[in-house]
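To start, the structure under review is shown below, and the notes come after it.
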Amino acid sequence: MALAAGVLKIVAPQPGAIYPIHVFLAMVLLTITASIYLALRRKTVYLVDYACFRPSFNLRCPKATFLEHAHLSSLLDDSTVNFIGNVLKRSGMSDETCVPPVLHYIEPYCGLYEARAEAESIVFSVTDDLLAKTCINRDAIGVLITTSSIFCPIPSIADMIVNRYKLRGDLRVMNLSGMACSASMTAVGLASNMLQVMPWGSHALIVSTETTGPGHYQGNTRSMQLPNILFRIGGVAKLLSTSSSRARFELAHVTRIITAANNSAYRCAYQEEDEKGILGTRLTKDLMVVAGEALKDNLTTSGPLVLPTAELLKFFLFDIPGKVLYWRKIRPYIPNFCVAFEHICIHVGGPAVISSIQRGLNLSDKHVEPSRMTLYRFGNQSAASVWYELAYIDAKGLMKKGDKVWMIGFGAGYECNTAGWVCIQPSSCADGPWANCINCYPMDISRKA
């Protein structure tokens, strides 16, 4: 408008005299200005819907069965079996968690055929459910991103999906690996960036899973047995779009922090062979400290994006004396993130991870209820776990229009990724991974430990 007014002022031969050429030039300038603004403006990304994998009841693996198989295994010594039993008691998991068919054998063997069958059973199931929920035309999907840390076959898992559903040939396809539990948040950020350079209304399909069969460790190193004990079968499919039509959530922000430059952080979750040459993933004792530092860095970056002004002022007012009076131990102010989000989904790495974040952020038991119940019912499903927590909130009918959701994911590298969502439309369907058991929750887990 300013440019158009300037042209009219310069070109007009006398005040008040406006000729057709002036109007034409003004319209051209307005059109160019509007086009540049729309081209440079960041598109809003929406979550149309999501679908979580619902394991069959015959895949259930009670803790007593898990421990009995360890006792009967000729590969594990007594000290390892005792360690497995102690961890299971404090795992915060119920007897309802599920493992893939290959791990129901006393001496599990997972070859390429078994690993591919496990991956297909999950990714095809969640994709079928998501397509049925959204009723989207498959040709409308312009981006496909899959995440699986350990199992990376040829062709890739993304190619499996393209072949199964006969997706279009100019599809932008990516397959992420090695990122472990943070991969889902990474994929959301990647899809959001890709949708910015695509036509308005484009769709991105994200499918996340973790095939536990290929990563099963059969040695006696305790730090490498932890993934066997904690990880369970799971997966999720999400559909993102730049169109708000039928969308359920609006993506507010995605913040990624990677600390791989630090050797301790880089090796705290590390796939390697033990002294006998048996492949597995080692979780070191530094993991909790590294996770805490990564979360702190993430909050420093994402805090100004999500916290109200009052909380930011409190933080800076408490932070300044701590820097000036550095020789005195002044307890730092912890912002109240509960005023920024109604719901918080914390990665279910284990009871210690959830409790540590709860104490560090001063969260109530109600805020960590979805995390604890997901760990109890489904175990640690890696990158998909935060979406099972969102499904818990939906199933309990707690999600309201305008509610803000905060997802916190941790993964190898070491990474801490967070995503903020704003609810546009609460779920109108009770179907999901919690459909047949939500009335039993929440449970008093302390009495069942």
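The values are calculated or read from the model by the stated rules, or taken from the named source; none is laboratory data. Please read all numbers here as calculations on a predicted model, not as lab measurements. Glycine gets a Cβ as well: all are built from the backbone with ideal geometry, and neighbour counts include every protein chain shown. SASA here: full protein model, heavy atoms, side chains in, ligands and nucleic acids out. Shrake-Rupley method; radii C 1.70, N 1.55, O 1.52, S 1.80 Å.
Antiparallel beta bridges, as assigned by DSSP with both residues in the chain, represent about 70 percent of the total such bridges.
Over 28 Å, how big is the tail of the calculated P(r) for region 28-184, in percent of all Cα pairs? Working shown, then result.
On the way: 5258 of 12246 pairs.
Summing the P(r) of region 28-184 above 28 Å gives 43 percent of all pairs.
Ranking Gln218, Leu88, Cys429 by Cα position along the charge dipole of the chain, where only Lys, Arg, Asp and Glu carry charges on their C-beta atoms, puts Cys429 farthest toward the positive end. Using a Gaussian network model of the chain in which every pair of alpha carbons under 10 angstrom is joined by a spring, one finds that among Gly178, Gly280, Gly111 the greatest mean-square fluctuation is at Gly111.
Kirkwood hydrodynamic radius of region 100-195, from the reciprocal of the average inverse Cα-Cα distance over all distinct pairs: 14.7 Å.
Kirkwood Rh, the chain, all Cα pairs: how many Å? Before the final figure, lay out the partial values.
Numbers: mean 1/r = 0.0418 Å⁻¹.
Result for the chain stands at 23.9 Å.
Taking only alpha carbon atoms, region 343-434 gives an Rg to Rh ratio of 0.95, where Rh is the Kirkwood radius. To the nearest ten degrees, helix 183-196 and the longest principal axis of the Cα atoms of the chain are 20 degrees apart.
Can you give the FRET efficiency to the nearest 0.05 for Asp128 and Cys440, using r as the Cβ-Cβ distance and R₀ = 30 Å?
Values: r = 27 Å, r/R0 = 0.89.
FRET efficiency, Asp128 to Cys440: 0.65.
Just to verify a number: FRET efficiency for Arg90 and Ile36, C-beta to C-beta distance, R0 = 60 Å, to 0.05?
0.55
Within the set Lys314/Lys404; Lys43/Lys401; Lys63/Lys166; Lys276/Lys296; Lys166/Lys400, which residue pairs have Cα atoms separated by over 30 Å? Cα-Cα > 30 Å for Lys63/Lys166; Lys276/Lys296; Lys166/Lys400; rest within.
Across region 259-302, what fraction of all alpha-carbon pairs, as a whole percent, falls in each successive 10 Å bin from zero upward? Computed distribution, short to long bins: 27, 42, 23, 6, 1. Remark: region 142-155, residue by residue, has Karplus-estimated 3J(HN,Hα) of x, 9, 10, 10, 10, 10, 7, 6, 9, 8, 10, x, 10, x Hz, where x stands for each Gly or Pro and the curve is 6.51 cos²θ - 1.76 cosθ + 1.60 at θ = phi - 60°. Backbone phi angles across region 299-307, fed through the Karplus curve with coefficients 6.51, -1.76 and 1.60 (θ = phi - 60°), yield HN-Hα couplings of 5, 4, 7, 7, x, x, 7, 10, 7 Hz in residue order; Gly and Pro are listed as x. Note on the chain: with a GNM built from Cα contacts shorter than 10 Å, the maximum mean-square fluctuation among Ile21, Ile154, Ile145 falls on Ile21.
Let me make sure I get this right: for region 75-133, a, b and c are the square roots of the gyration tensor eigenvalues over alpha carbons, sorted descending. Under 1.5 in a/c it's rounded, otherwise prolate if a/b > b/c, else oblate. Which is it?
Numbers: a/c = 4.53, a/b = 1.69, b/c = 2.68.
Oblate, because a/c is 1.5 or more while a/b does not exceed b/c.
Look at the dipole of the chain built from charges on Cβ: of Thr309, Tyr270, Ser241, the Cα furthest out on the positive end belongs to Thr309. Considering only Leu59, Leu112, Leu240, the Gaussian network model of the chain with Cα springs below 10 Å gives its largest mean-square fluctuation to Leu112. To put it simply, the accessible area of region 192-240 at a 1.4 Å probe is 60 percent carbon and sulfur.
Report the charge-dipole magnitude of the chain in Debye, nearest 20, computed about the Cα centre from +1 at each Lys and Arg Cβ and -1 at each Asp and Glu Cβ. All intermediate terms of the calculation are to be shown ahead of the outcome.
On the way: 42 positive and 35 negative charges, 284 e Å.
For this selection, approximately 1360 debye.
On a per residue basis, region 122-215 carries 36 Å² of accessible surface, using protein heavy atoms and a 1.4 Å probe. For region 84-156 versus region 202-230, the inter-centroid distance based on Cα atoms is 9 Å.
Counting only aspartates and glutamates at least 8 places from Lys396 when in the same chain, those with an alpha carbon closer than 15 Å to its own are Glu342, Glu369, Asp431. A convex hull fitted around the alpha carbon atoms of region 186-240 yields 91 Å³ per residue.
Calculate log10 I(q)/I(0) of region 172-281 for q = 0.16, 0.22, 0.23 Å⁻¹, where I(q) comes from the Debye formula with a single equal point scatterer on each Cα and nothing for solvent. Once normalised to I(0) and log-transformed, intensities are -0.87, -1.25, -1.31.
In the chain, the longest principal axis of the Cα atoms and the axis of helix 20-40 are about 10 degrees apart. Think of it as helices only: each DSSP H run of n ≥ 4 in the chain is worth -39500 (n - 2.57), and spread over all residues that comes to -13000 deg cm²/dmol at 222 nm. Surface composition of region 344-447: carbon plus sulfur atoms hold 50% of the accessible area, using a 1.4 angstrom probe and ignoring ligands, DNA and RNA. Give the angle, between 0 and 90 degrees and rounded to the nearest 10, that separates the Cα long axis of helix 309-324 from the longest principal axis of the Cα atoms of the chain. Tilt of helix 309-324: around 70 degrees.
Taking amide hydrogens as placed 1.01 Å from N in the peptide plane, the amide H of Leu176 sits under 5 Å from those of Thr146, Thr147, Ser148, each at least 5 positions away in sequence or on another chain.
Give the calculated FRET efficiency between Arg138 and Arg60 to the nearest 0.05, with a Förster radius of 25 Å applied to their Cβ-Cβ distance. Provide the component values of the computation, followed by the final result.
Values: r = 33 Å, r/R0 = 1.33.
Efficiency for this residue pair is about 0.15.
Using a cut-off of under 12 Å, list every residue of region 202-244 whose amide N is near the label point 7 Å from the Cα of Asp77 along the Cα-to-beta-carbon line. Backbone N within reach: 220-222.
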